[in-house]
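Note sheet for the following structure.
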Amino acid sequence: MTAAADADLIPARRPPASETGALGWARHNLFSGWLNTIITIVAAFVAYKVIWGALSYTVFNAVWTGTPQTCQDMLGKGACWLAIQDRYRFILFGPFDYDQQWRGALVIFLFVAMVGLSAIRRFWGKKLIYGWVAALAVVLWLMYGGLGLKVVETSKWGGLPLTLLLAFAGIIFAFPLGIVLALGRRSHMPAIKALCVAYIELIRGVPLISVLFMASVMFPLFLPENITIDKVLRAQVGIILFTAAYTAEAIRGGLQAVPKGQYEAADALGLGYWRKMSLIVLPQALKISIPSIVNNFISTLKDTSLVTIIALYDLLNTSKIAFNEPQWRSFFFDGFVVAGLIFFVFCFSISRISIKIERVLDVGHKRR
Amino acid sequence: MATSHDSATITVKPTVPWYRDRNARAIAFQILALSAVILLGWYLVSNTMHNMATRNIATGWSFLGREAGFGISEHVIEYSPADSYGRAILVGFLNTIKVAVIGIVLATIIGVIVGLARLSPNWLVARMATVYVESLRNVPLLLQLIIWYGLIIAMPGPRQAVQMIPGVFLTGRGVYYPSIEAEPVHTWMAVLFLVGIALTWGYARWAKRRQDETGNAAPLLLPALGFIVGLPLVAWLVAGAPLTLGIPELKGFNFAGGSVLSPEFAAMVVGLSTYTGAFIAEVVRSGIQAVSHGQTEAARALGLRPMLVTRLVVFPQSLRVIVPPLTSQYLNLTKNSSLAVAIGYPDLVSTGNTALNQTGQAVECIAIIMGVYLAISLAISLFMNWYNKHIALVER
């Protein structure tokens, strides 16, 4: 082309204002066509109602200062944060010795810190597993006491530390059990395979509450007369046995995704079964199954609330009992809101971490 | 090789000792594992027998025939405290089934709507659906059930009842709604309704075969309506069109007439269906996203209208992805209905637990509870596996 022709070219026009910027975005995403416009208007109305209702209940009409009577006047219109201010120590720590509750706070901090560390890629590796086991040991020491700390009986454990302990200890102990069950289910030995399949399917077929009932009612019958096991420990064992079946299925998914060539290559190198599994297959399989294990963990964390039914003081139960005091009885809803928010923050952030892990490892079966 | 010229046959002696032989080891290992399990089982059973003997706990199933002596607020079949434990547990089981079936239907409806909303091109609708899913999924179901129950029983009493739509009253004692009083002809109508569905199914098969052979599409909607709605309607008209509506009316301190949903049942249904609906929404969304865009484009290129593209191309393919996880959601809902024990809805776990506390026969009662759930789980997964096979893509 000649220079003259170039000069004749009309410079590209900017797109019309209605197609770009906020206006264009709104046109495309909210008001394309009459039906969409109607839907947008209805949805906006509903969203406004919900957001405004939630805000006015929790903020504008909420009672922050005053007496229980102030709360009573606003019952049903605004939250009674006064009750939470009065009872938050019980909600968070349950009947744990009042002057020792800093230990519970430390336990919460430790768990949050470990979750935070686990989300950072630099720390992923074997050391992280040792870190979790060490953290669990420290948590148990902080909760129970001894070695210079006052001993607090497990019957006084409660609140968020108990909920987190049941969930994290549940998944950490279920992990090795799950590996064994998953390997057993993939085994060529019919008796081993049958045992593992029976266990996994039995547990997955029944609700957790029946396992917890079994743990609390039947475990004492199973053991010799002179041995009694602690109520918290019984629930913990029930949760571990339950979680192990689901962890096993997650790991089995990982095992199936490892290409057959890897198994054959390990055989060709002359590795025995255990070396083949621990050096070649499991490292790959576990990496693939991490996202599903994390998702299992979220379920476990939510499911620990079921120990309320067998009368342990977990977060749900403490937020219920905290409002048994006569002057706060009418505001039970606000206690559940707080408990729900705490659960939400934990579960939501862990699910984000799970998505991140999935993206970084790039093992998800995403279709492009 | 030198040996290849040898005429003598070479007998290869096993150079590995028997304990290194793979098969022998496998057998030994299995025997070891099995005996460990059997030993453990024997140890537990003998302990249990001993403990029960010292605590004077009876064993065996004879307690099922004894008088239960406790009342159950809701029952699908006739029940009174004078009935046996066996019947009490059966009543609980039927209550579990009732709440699970209604919950599954509602959860599916909620899940499909929210799942489609998450894929909506409308930004606001998609965002709202996301907020719904994330906020319900990340809070324990038990907490939600307790909140729903607390909210329902905190409603005003019958005298200040909230009238939602004419005839439907929301009170702290449950939801009162108008219902049609039972007539003998209703049984016949129900039978004819089922007959109508069967006829429609047969007709649809015939119509499909005819269309495959001749290319002529037979009308489907009108005959189907005729079979399913028309037949019961004719029966009703023949019987003289009996209709008595029971409408709830305030009499004294409570409502009379109509029917009532108990607060426990209402809380269970609302809690279970909204919670599971959030999970089903994710299943539906990922199922639809799994159908590649090329399929939609190809269908459009063939000249199919958008409705037909969804119905004939996208939906059947996404169903294959949706069904397996949907099954596990149905199973979860059924198992989660066991949380009813926390809010006092008399389901299987609740009645079984009451029986346990009264008789002390923990082993039998927990065995019944677990066995029944296991059977339900197996039944649902068998049915869904059959259905899945039915709709699975037949590949080359």
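The values are calculated or read from the model by the stated rules, or taken from the named source; none is laboratory data. This structure is a prediction, so every number in the text was calculated from the model and none was measured. As a convention, Cβ positions derive from the backbone with ideal geometry for all residues, glycine included, and neighbour counts pool all protein chains shown.
Looking across A:264, A:325, A:358, one residue alone is away from chain B (no Cβ under 11 Å) and within 30 Å of residue A:66 (Cα to Cα). It is A:325. Evaluate the following for residue A:312: is it in contact with a helix residue (DSSP H, G or I) (Cβ under 8 Å, 6 or more places away or on another chain), more than 9 Å from chain B (Cβ to nearest Cβ) and surrounded by fewer than 22 Cβ atoms within 10 Å (Cβ to Cβ)? It is false that residue A:312 is in contact with a helix residue (DSSP H, G or I) (Cβ under 8 Å, 6 or more places away or on another chain), more than 9 Å from chain B (Cβ to nearest Cβ) and surrounded by fewer than 22 Cβ atoms within 10 Å (Cβ to Cβ). On the given criteria, is residue B:149 within 14 Å of another protein chain (Cβ to nearest Cβ) and either in contact with a Ser or Thr (Cβ under 9 Å, 6 or more places away or on another chain) or surrounded by fewer than 19 Cβ atoms within 10 Å (Cβ to Cβ) (or both)? So residue B:149 fails the test.
When each of A:306, A:312 is tested for being touching a Leu at 6+ places or on another chain (Cβ under 6 Å) and of a type outside the set (Val, Ile, Thr), the lone residue that passes is A:306. Scanning the range A:165-195 for residues that are within 14 Å of chain B (Cβ to nearest Cβ) and buried (at least 23 other Cβ atoms within 10 Å of the Cβ), we see that the one that is nearest to residue A:308 (Cα to Cα) is A:166.
The condition (being modelled with pLDDT under 85 and of a type in the set (A, V, I, L, M)) is satisfied by just one residue among B:139, B:91, B:76: B:76. Only one entry of A:293, A:288, A:342 meets the criterion of being of a type in the set (A, V, I, L, M, F, W, C), more than 13 Å from chain B (Cβ to nearest Cβ), closer than 29 Å to residue A:232 by Cβ and part of a helix (DSSP H, G or I), and that entry is A:293. Selection of the range B:73-104 for residues being in a loop (DSSP other than H, G, I, E, B), within 23 Å of the chain's Cα centre (by Cα) and surrounded by 18 or more Cβ atoms within 10 Å (Cβ to Cβ) yields B:74, B:75.
I'd like the full set of residues that are farther than 16 Å from residue B:124 by Cβ and away from chain B (no Cβ under 14 Å), limited to the range A:24-57. Hits for the range A:24-57 are A:55, A:56. Kindly indicate whether any position in the range A:120-136 is surrounded by fewer than 16 Cβ atoms within 10 Å (Cβ to Cβ), touching a residue at least 60 places away in the same chain (Cβ under 8 Å) and under 30 Å from residue A:356 (Cα atoms). Yes; the residues of the range A:120-136 include at least one that is surrounded by fewer than 16 Cβ atoms within 10 Å (Cβ to Cβ), touching a residue at least 60 places away in the same chain (Cβ under 8 Å) and under 30 Å from residue A:356 (Cα atoms). The C-beta contact set for the range A:344-363 (first residue of a type in the set (Gly, Ala, Ser), second residue not in a helix (DSSP H, G or I), distance under 8 angstrom, 6+ apart or interchain) comprises A:351/B:138.
Would you check if residue B:143 is crowded, with 22+ Cβ neighbours inside 10 Å, touching a helix residue (DSSP H, G or I) at 6+ places or on another chain (Cβ under 9 Å) and within 11 Å of chain A (Cβ to nearest Cβ)? For residue B:143, the condition - crowded, with 22+ Cβ neighbours inside 10 Å, touching a helix residue (DSSP H, G or I) at 6+ places or on another chain (Cβ under 9 Å) and within 11 Å of chain A (Cβ to nearest Cβ) - is met.
Yes/no matrix, rows are residues, columns are (1) touching a residue at least 24 places away in the same chain (Cβ under 8 Å); (2) exposed (fewer than 14 other Cβ atoms within 10 Å of the Cβ); (3) part of a strand (DSSP E or B); (4) out of contact with any Asp or Glu (no Cβ under 6 Å at 6 or more places or on another chain):
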position	(1), (2), (3), (4)
B:223	no, no, no, yes
B:229	yes, yes, no, yes
B:232	yes, no, no, yes
B:236	yes, no, no, yes
B:242	yes, yes, no, no
B:255	yes, no, yes, yes
B:260	yes, no, yes, yes
B:264	yes, no, no, yes
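Contact map, the range B:44-70: first residue farther than 16 Å from residue B:365 by Cβ, second residue at pLDDT 85 or above and not aliphatic (A, V, I, L, M), Cβ cut-off under 6 Å, separation 6 or more or different chains; pairs are B:44/A:222; B:47/A:222.
Taking the criterion of being of a type outside the set (A, V, I, L, M, F, W, C), within 11 Å of chain B (Cβ to nearest Cβ) and either in a helix (DSSP H, G or I) or over 28 Å from the mean Cα position of the chain (by Cα) (or both), would at least one residue in the range A:60-79 satisfy it? Yes - at least one qualifying residue is present in the range A:60-79. Filter the range A:297-339 down to the residues that are of a type in the set (Val, Ile, Thr) and part of a helix (DSSP H, G or I) and list them by number. Listed by number, the residues that qualify are A:298, A:300, A:304, A:307, A:308, A:318, A:321, A:337, A:338. Just one residue in the set A:200, A:229 is without any contact (Cβ under 8 Å) to a residue 60 or more places away in the chain and in contact with a Lys or Arg (Cβ under 9 Å, 6 or more places away or on another chain); that residue is A:200. Summed over the range A:329-338, residues that are under 16 Å from residue A:54 (Cα atoms) and at the interface with another protein chain (Cβ under 9 Å from one of its Cβ atoms) total 3.
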